[in-house]
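Trainee: Take a look at the following structure, please.
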Amino acid sequence: MVKIIGFLRFVTMEFGAIIVFWVGLYSFGLKPAIAATIAFILLDALYRIWRKLAVTRLYVMVSCMTLVFGAIDLYAATPFMLKYEAVITNIATGLFFVAGARGKKSLIEELAEKRGSFPERPDVKYFFKLFTLFWAAYFFLKAALYLWLGAVLPLEQALAWRALLGGVSLAIMGGLSLMGRKLFFFCRWLNILPQANAAGATRADN
């Protein structure tokens with residue numbers, strides 16, 4: 001239960017803007033959703049400044065993309081991007097995760113360190129890099145699915161299936177994220193991680 005609560009808090013902190021946008025969109029319409037999202041981002045920024053909380057790359061990306069695509073729909077004569085904007089945003093998110101797998105610290109490692117500390121070992125860093133790319137693949141697959149749904153179904157049905165499949169798949173990915181420790185040892189069992197020194201491996205197993 002503690003892990004679930006921690007994960008829900010993480011989702012709210014990192015994806016709060018897009019959650020507010022979609023809840024507002026389906027409950028009150030596009031303009032109130034944009035207004036609520038802007039208000040949330042401003043209040044959340046003040047809260048983070050007050051609590052001196054670090055801002056992750058993922059949080060900045062989600063907030064900016066939500067505002068940009070919402071603004072495009074707001075100023076269009078009709079919400080012409082509503083049918084395919086989720087395809088574009090998922091592709092953009094996937095590319096962001098691919099880029100986030102590079103560098104000294106991967107995106108997932110950066111997010112994981114907000115919930116705890118991890119040893120500076122090549123196998124740990126490589127696992128986080130693989131998991132970042134795993135998330136990237138998830139977003140690319142979801143973009144392909146959304147593209148197919150938009151091509152074969154009317155807008156209302158496509159949106160309904162998107163909401164259902166997107167929610168279920170995200171919950172599954174969240175569940176896998178909660179099993180990060182087990183996945184790490186599974187990857188070690190598959191022998192796809194670099195070798196760690198004996199002392200470091202002993203500390204990780206304890």
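Trainee: Give, in nm to one decimal, the length gained when the segment between CYS64 and LEU176 is fully stretched (0.36 nm per residue of separation minus the Cα-Cα distance). Show your work: numbers first, answer last.
Mentor: Numbers: separation 112, 0.36 × 112 = 40.32 nm, distance 2.65 nm.
Gain on extension, CYS64 to LEU176, equals 37.7 nm.
Trainee: If you don't mind, there's one more thing I want to ask. If I take the Cα coordinates of the stretch 21-141 and project them onto the principal axes, what are the three extents in Å, biggest first?
Mentor: 53, 38, 21
Trainee: What residues qualify as long-range amide H neighbours of ALA101, i.e. H under 5 Å apart, gap of 5 or more or another chain, H built at 1.01 Å from N?
Mentor: LEU107
Trainee: I'd like the Karplus ³J(HN,Hα) series for the stretch 165-176: coefficients 6.51, -1.76, 1.60, θ = phi - 60°, whole numbers in Hz, and an x wherever there's a Gly or Pro.
Mentor: So the J values, rounded to whole Hz, are 5, x, x, 5, 5, 5, 5, 5, 5, x, x, 5.
Trainee: Long-range amide H contacts for VAL55: which residues qualify at under 5 Å (H placed 1.01 Å from N, peptide plane, sequence gap of 5 or more or a different chain)?
Mentor: Amide H neighbours of VAL55: none.
Trainee: Sticking with this one: Starting from the coordinates of the alpha-carbon atoms of the stretch 97-136, obtain the Kirkwood hydrodynamic radius over all distinct pairs and give the value in Å to one decimal.
Mentor: Working: mean 1/r = 0.1018 Å⁻¹.
Hydrodynamic radius (Kirkwood, Cα only) of the stretch 97-136 equals 9.8 Å.
Trainee: Moving on to the next point. Just to verify a number: what accessible area does TYR84 come out at with the full protein assembly present, 1.4 Å probe, Å² rounded to tens?
Mentor: Only protein atoms counted, so the area is about 90 Å².
Trainee: Still on this structure, I have one more. In whole Hz, with x marking every Gly and Pro, tabulate ³J(HN,Hα) for the stretch 152-164 from phi via Karplus 6.51 cos²θ - 1.76 cosθ + 1.60, θ = phi - 60°.
Mentor: The phi angles translate into 10, 10, x, 4, 4, 5, 4, 5, 5, 5, 4, 4, 5 Hz.
Trainee: When the gyration tensor of the stretch 113-165 is built from Cα positions, what are the square roots of 5 times its three eigenvalues, in whole Å, from largest to smallest?
Mentor: On the way: eigenvalues 265, 29, 4 Å².
Taking √(5λ) for each eigenvalue gives 36, 12, 5 Å, largest first.
Trainee: Which FRET efficiency value, to the nearest 0.05, is calculated for GLU113 and ALA137 with the Förster distance at 25 angstrom and r the Cβ-Cβ distance? Please list the in-between numbers first.
Mentor: Numbers: r = 23 Å, r/R0 = 0.90.
So the FRET efficiency works out to roughly 0.65.
The values are calculated or read from the model by the stated rules, or taken from the named source; none is laboratory data. These numbers come from a predicted model, not from an experiment. Glycine also receives a Cβ, built like all others from the backbone with ideal geometry; neighbour counts cover every protein chain displayed. Remember, those area values only see protein heavy atoms, side chains included, never the ligands or the DNA or RNA. Shrake-Rupley method; radii C 1.70, N 1.55, O 1.52, S 1.80 Å.
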